[in-house]
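Below is one structure, written out as structure tokens; comments come after it.
Values quoted throughout were computed directly from the atomic coordinates according to the rules given, and no laboratory measurement underlies them. Quick caveat: nothing in here was measured; it's all calculated off a predicted structure. Ideal geometry is used to build each Cβ from the backbone, glycine not excepted, and the neighbour counts take in all protein chains shown.
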Amino acid sequence: MVRNAIRYSALLGAVAALLFSTACRKHKYENPITKDTQQPDKVLFDTAIDDIEHGRYERARLTLQTLMNTYDTSEYLAKAKLAVADSWYREGGAHGLAQAEAEYKDFILFYHNMEEAAEAQAKICKMQYQQMDKADRDPIHAYRAQEECKTLLTDFPNSKFAPDAQQYLRNVQEVLAEEEFKVGTWYQHKGSFPASANRFQGLTDQYPLYSRGADALWSEAESYQHMGDNFEPQQAAAYTKIVRDFPLSSHADDAKAKLEAMKRPVPAADPAAYAREKYEMDNRSKRSLISKAWGPFASHPDTTQAAKSGTPTMAAFKPGIPYSVPQSAAPAAPNGGTGTNVSTGSDVTVSTVNNTTLLDSAPDARANGAPAAGGTAPQTNPATPAAVPAKGGTGNPVEAAGTNPAATNPADAAMKPLPQNHTGNAKPLTLKQQQRLMLKQQEQAKKMQAAQKKAAEEQAKKDAKKKKKDGSDQTPTAPAAPGKQ
């Protein structure tokens with residue numbers, strides 16, 4: 001009994017010592033300054049690096065911030081900014097990685113020509129890659145990792161981090177392709193064959209290095225077969241691609257038989273595709289027993305089946321239009337194409353107008369109206385200015401002007417649409433011309449109101465005088481005196 005207790009105590013002591021040694025072990029910093037000097041800024045930098053190597057990240061960042069604020073012209077300023085980002089990267093966690101990415105991007109922005117800029121971009125790519133989830137979960141980090149790795153390969157193609165970034169990109173696209181394969185399989189089991197065929201076709205076109213590309217093409221052909229004889233050309237195209245690009249797959253012989261039964265030409269295997277597939281089969285790593293057992297509980301995806309060679313796709317993923325969509329409903333393809341299964345988007349475009357004079361010279365589409373089908377918009381007659389009656393005139397001034405009373409109502413004039421040109425020609429009006437015309441019409445409406453009011457007052461005065469005169473003319477006369485017959 002005592003012997004077992006001693007054994008357990010010794011085992012626990014060994015485990016504790018191992019953990020303590022691991023915690024106190026010094027993790028060497030990747031970008032130290034080897035210059036031997038006792039300058040104050042160099043002393044601060046060395047102190048901060050020692051704190052980073054021993055896990056005192058907050059203390060190291062305070063020291064580095066003191067260096068950058070005190071010695072703003074120091075030759076170690078760029079190294080200090082990079083060390084701040086490295087401290088967040090080593091600290092880890094969601095908050096630490098987010099802060100590290102922001103610091104790395106600032107470093108790349110200000111010191112793009114330094115060698116460490118490529119390393120900063122590589123660490124951003126690696127951070128997003130390490131946070132990537134499985135294919136059946138949120139793919140946000142997979143898409144972020146894909147974009148960051150593409151940025152590294154585009155901006156720093158000759159750096160020593162480019163090969164690793166290229167492999168990261170293959171692994172990421174393997175996960176994204178697996179996600180599309182799962183969605184297409186779900187549509188196929190549901191019976192939505194147009195949706196499944198479109199998913200599988202987009203998958204094989206966008207991710208040609210996918211390890212299950214032959215399975216996706218076979219499922220695509222099956223979906224088109226369920227859609228009817230009208231989609232036999234698409235079905236034959238999927239079989240042809242299997243025979244040509246995946247000659248070593250298990251579906252190659254069946255695809256040849258299908259093409260022969262459909263009386264379609266059977267292509268020869270592509271030598272480059274054959275060599276690539278042979279290389280992948282010889283160098284594909286196998287999962288260990290522990291990895292297979294832990295797989296359902298792991299949060300990170302399995303990328304052992306990802307391609308080890310070939311150039312990953314650099315273009316963004318654009319799902320195509322299903323072949324079941326009629327050509328009349330599909331947008332027109334560029335360069336005179338058929339418009340089927342082409343992701344051209346809508347015909348509405350957005351662009352920035354840099355010419356500020358267009359506001360004064362270009363016509364206003366709101367006032368001119370839309371043209372009729374097969375013709376141009378009807379032209380409106382220019383506005384006829386209302387005539388103002390002369391002072392002391394009689395009768396209705398509107399009738400004296402010889403115009404329609406309803407057309408000269410100020411309210412109707414305000415609601416009347418603006419003509420295209422106040423001069424009567426067919427040239428569209430500019431915005432300033434329309435504003436001047438509107439002001440002119442408002443002034444005419446005010447003058448008309450004043451004229452109508454003045455005419456109404458004069459007419460009222462005349463009616464009052466006439467009424468008074470008629471009353472005086474009808475005064476009764478006195479009767480004649482009696483006796484004067």
Study note, to complete from the structure: For segment 215-296 the trypsin sites (Lys or Arg not before Pro) that pass both the DSSP coil test and the at-most-10 other-Cβ-within-10 Å test are K263, K286
Review point. Segment 252-315 to segment 93-170: how many Å between their Cα centroids?
Key: 26
Review point. Going by average Cβ neighbours within 10 Å, how do the peptides 49-61, 306-318 rank, with the highest at the top?
Key: 49-61, 306-318
Point to revise | Highest to lowest packing among 191-198, 296-303, scored as the average C-beta count within 10 Å | key: 191-198, 296-303
Check your understanding: Among the lysines, which fall within straight-line cross-link reach of K466, defined as a Cα-Cα distance under 19 Å, with same-chain neighbours fewer than 8 residues apart omitted?
Key -> K454
Revision key, fill the gap. hull vol. (C-alpha, convex hull) per residue for segment 120-194, Å³ -> 83
Study note, to complete from the structure: Flagged as over-length at 20 Å C-alpha distance, from K28/K79; K134/K292; K28/K105; K105/K126, the pairs are K28/K105
Check your understanding: Once the Cα atoms of segment 136-257 are picked out, what are the Rg and Dmax in Å?
Key -> 16.5, 53
Review point. Is there a pair in K278/K318; K256/K318; K123/K160; K241/K263; K81/K123; K123/K318 whose C-alpha atoms are over 23 Å apart, and which pairs would that be?
Key: K278/K318; K256/K318; K123/K318
Exercise for review: Would you list, by chain and number, the aspartates and glutamates whose Cα falls below 19 Å from the Cα of K286, excluding same-chain residues fewer than 8 positions away?
Suggested key: E174, E178, E277, D302
